[in-house]
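A quick write-up on the structure given underneath.
Computed from the coordinates by the stated procedures, all read-outs in this text should not be read as laboratory data. What you are looking at is a predicted structure, and each value in this text was computed from that prediction instead of being measured. Cβ sites come from the backbone with ideal geometry, for glycine too, and all protein chains shown count toward neighbours.
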Amino acid sequence: MNIKILDSWLREFVDTRAKPKDLAEMLSLTSVSIEKIEEVAKDFNYDIEVTTNRPDLMSVTGIAKEAAAVLPEFGILARYNPLKLNKPIPATKKEPISITSDPKLVNRILAVVMEVDLKPSPLLIRNRLEATDIRSLNNIVDVTNYVMRTIGHPAHVFDYDRIEDSKLLIRESKKGETIVTLDGKTHVLFGGDIVAEDGSGKIVDLLGIMGLENSVVGDNTKRILYFLDNNDPHRIRKTSMEQEIRTDAAQLNEKGLDPELMHDAFIYGIQLFEEIAGGKIISDIIDIYPNKAETRVVSLSFDKIQRVIGIPVALKTAKDILIRLGFMVTNTETTLSVTVPTIRSGEVTIEEDIIEEIARVYGYHKIPSKLPPFGDTVHASPLVNEFYFEHKLKRALVYWGFTETYTYSFVSEDMYEGPIEQAVKVQNPLTFDWAYMRKTLIPSLLKVVEENKTYQTLKIFELSNVYEKKGNDLPTEILRLAIVIKKENLSFFDMKGVIEQLASDLGIEKLSFQPLSTGGGETQIYIGKDLFGQIEILDTNLINAELSFPMLLRHATTKKIYTPMSKFPPVIEDMTLILDEEVKTGDVIDEITKQNPLIKRVSLLDKYQDTRTFHIIYQHKEKNLTDQDVAEIRIHIMDAVKKKFHAKVK
């Protein structure tokens, strides 16, 4: 979020001799980021970036409070000047106004009817609004924007005489209801939006986002309803994104503003109407406040503050910083008890948040850049760190010539694999092509292959989440590894070899491959009895595989077993067997290997029609093997393969 503020406007609320350039530098070091300063008509305009968790700084008074807290740490005196507010003059005559609210939708409403004289705003207000990128319209509308920029809570005005029966009913919108916003655009509501209807049943406001054409202040407006509302931020965000209405009010309200902030904004608005529009209150002041803001108390030890920051910060310094930031602090010799102001209760919730406040104002630049002492460091074990295996897996694939891809988690209905009713549907998709959360990575990778048709050879992979529906709860996220190979003269063994080597690098044993009996070129991969993934042959030059990363983590290990080399040479021989086509090579290798402990390794050397040649290595740790020793083992091997596979030895 960005906000622009004139230096002269800011200094109404903070007394300091700091020059604009110094003020910008010091705030940027400790708080908001002031991206640039522009000189405007003997004044300076700050362009300020505010992080989304600090809506309290999206105002002149918010920045002034922050500056008053920060500047003393740099040896510059600064004092915050609170806004001077006068008690409203009560109504001598009272017009009726009735507002019915819903506590599930609205936290607080403040409203009053006023008589006003509509005319252009004073030059000072026009210049300040336009410097902050808000167009000046008239003194009535300008007051609401001026209040929002000064205090940080949006405000709104209705033409009171256009509200039928002087009644407002706050409710949820119904799906399909149509409104026309004050910019003349028509919007069809999706339902569940926060709206206000008048006594005739017509919708007159889209609360917290934008006013409507049928209740907007016009040239003939004589009486207004000055109206502040603090709403459910989640609904504001949902409506604003669905309808593509990104007003300043919407962007502030969706951050969850403090309803206590409304009082000063409301009184200040009345005061401005009285000063620049001849305003007079002509109704009771309405204050509907069902969901009161709650304060939070966070207690922490002084020792923890020192340990986390890493350098000694005096207790008095830490306490003074927090008090300047608006926190209430009590302390013992070893602990602080901090009462968080309601304006910060949404994002200051734990001990570390309090420590961060102390550290940033004290100055990150004062903390030396050095590694922590090794004696106090807890070393993470790669055995329990999934990021270790993730990095190892990616690095291996890249070394073998693969390219990592990053694709969208969303897919179209055509790309979704499986029954569409089982899909996780996005409520507000960016486009209809991205309406569903994917259940497999393969379609996304195949789209990458399709978009790179010019490449005759392509080896890509992606490690990312897929999503499974979970009733009315958030979907289950499962991390998967998908691999796609495209090249001429491709075979199943190209992919099988990659997966076997991955398993070997990660210490995974008991890997097996079982073709599906239904055919179709699909093979399931198991680790022991657990399904690990599958390989699918799509074409003569295209093959893919998808593996379960949680399953990989369950079986992966970095444990190494050292086997000393034998001092005695191995005996190597080849054995050719005639086997039926349906006999699996892996099963034959397993059967041969288990015939004797002296069989150290068996591999497939060659295959031609119905014959397969196996390369067998025999070795003893303590002596040389004789021909007689090998002959006896060979007999056992031949008997075993004949009995189990009906093999013939060639």
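Compared with the dominant Cα axis of the chain, that is its longest principal axis, helix 233-243 is turned about 80°. Charge tally around D530: other residues with Cβ under 14 Å, Lys/Arg +1 each, Asp/Glu -1 each, net +2. Summary of the geometry: the range 35-63 and the range 168-227, compared by the centres of their Cα atoms, lie 31 Å apart.
Here the label points at K584 and D627, each 7 Å from Cα along the C-beta direction, are separated by 3.8 nm in the simple model. Taking θ as phi - 60° and the Karplus parameters 6.51, -1.76 and 1.60, the scalar couplings of the range 277-291 work out to 10, x, x, 9, 6, 10, 8, 5, 7, 9, 9, 9, 9, x, 10 Hz in sequence order, x denoting glycine and proline. Listed cross-link partners K600/K643; K469/K584; K453/K559; K42/K292 are compared with a 32 Å cut-off, the Cα-Cα value being larger for K469/K584; K453/K559; K42/K292. The packing ranking of peptides 90-100, 556-566, highest mean first, is 90-100, 556-566, where packing means the average number of other beta carbon atoms within 10 angstrom of each residue. Other residues whose C-beta falls under 13 angstrom from the C-beta of D627 contribute a net charge of -2, scoring Lys and Arg +1 and Asp and Glu -1. DSSP assigns beta bridges within the chain; of those with both partners inside it, close to 95 percent run antiparallel.
Neighbour counts of other Cβ atoms within 10 Å put W434, W400 in the fewest-to-most order W400, W434. Too long at a 21 Å Cα-Cα cut-off: which of K104/K185; K185/K280; K316/K366; K175/K202; K623/K648; K529/K594? Correct reply: K104/K185; K185/K280; K623/K648. Sorted on the mean count of surrounding Cβ atoms within 10 Å across their residues, most packed first, peptides 539-551, 321-333 read 539-551, 321-333.
Counting other Cβ atoms within 10 Å, which trypsin sites (Lys or Arg not before Pro) in the range 249-318 have at most 13 and lie in a DSSP loop? Show your work: numbers first, answer last.
Details: sites: K255, K280, K292, R296, K304, R307, K316; in loops: K255, K292.
Answer in residue order: K292.
So if I take the centroid of the Cα atoms in the range 557-636 and the same for the range 122-150, what is the distance between those two points in Å? That distance is 87 Å. Computed 3J(HN,Hα) for the range 220-225, one whole-Hz value per residue from the Karplus formula 6.51 cos²θ - 1.76 cosθ + 1.60 where θ = phi - 60°, is 9, 5, 10, 10, 10, 9, glycine and proline marked x.
If a spin label sat at a point 7 angstrom from the Cα of E386 along the line to its beta carbon, the backbone N atoms of the range 544-563 nearer than 11 Å would be those of 549-554.
Helix 492-505: angle to the longest alpha-carbon principal axis of the chain, degrees 0 to 90, nearest 10? Once rounded, one gets 70 degrees. Computed on the chain, with alpha-carbon pairs under 8 angstrom and 6+ residues apart, the relative contact order is 9 percent. Taking the Cα centre of the range 253-377 as reference, the dipole from Cβ charges on Lys and Arg (+1) and Asp and Glu (-1) amounts to some 560 debye. Excluding P82 itself, calculate the net charge of residues whose Cβ lies under 10 Å from the Cβ of P82, where each Lys or Arg counts +1 and each Asp or Glu counts -1. Residues near P82 contribute +1 overall. Taking θ as phi - 60° and the Karplus parameters 6.51, -1.76 and 1.60, the scalar couplings of the range 257-267 work out to 6, 6, x, 5, 5, 5, 4, 5, 4, 5, 5 Hz in sequence order, x denoting glycine and proline.
Listed peptides 205-217, 446-458, 179-191, 21-33 appear in the order 205-217, 21-33, 179-191, 446-458 once ranked by packing, highest mean of other Cβ atoms within 10 Å at the front.
Relative to the Cα centre, the charge distribution of the chain, modelled as +1 at Lys and Arg Cβ and -1 at Asp and Glu Cβ, gives a dipole magnitude of about 1580 debye. Could you work out how far the C-alpha centroid of the range 424-484 sits from that of the range 233-257, in angstrom? The range 424-484 and the range 233-257 have Cα centres spaced 29 Å from each other. Label sites at R296 and V426, each approximated as a point 7 angstrom past Cα along Cα to Cβ, lie 3.1 nm apart.
Cα extents for the range 571-649 along the principal axes, largest to smallest and rounded to whole angstrom: 39, 22, 18. Helix-only arithmetic for the chain: the sum of -39500 (n - 2.57) across DSSP H runs with n ≥ 4, divided by the residue total, places the mean residue ellipticity at 222 nm at -8500 deg cm²/dmol. Seen against the Cα atoms of the chain and their longest principal axis, helix 386-399 is set at about 60 degrees.
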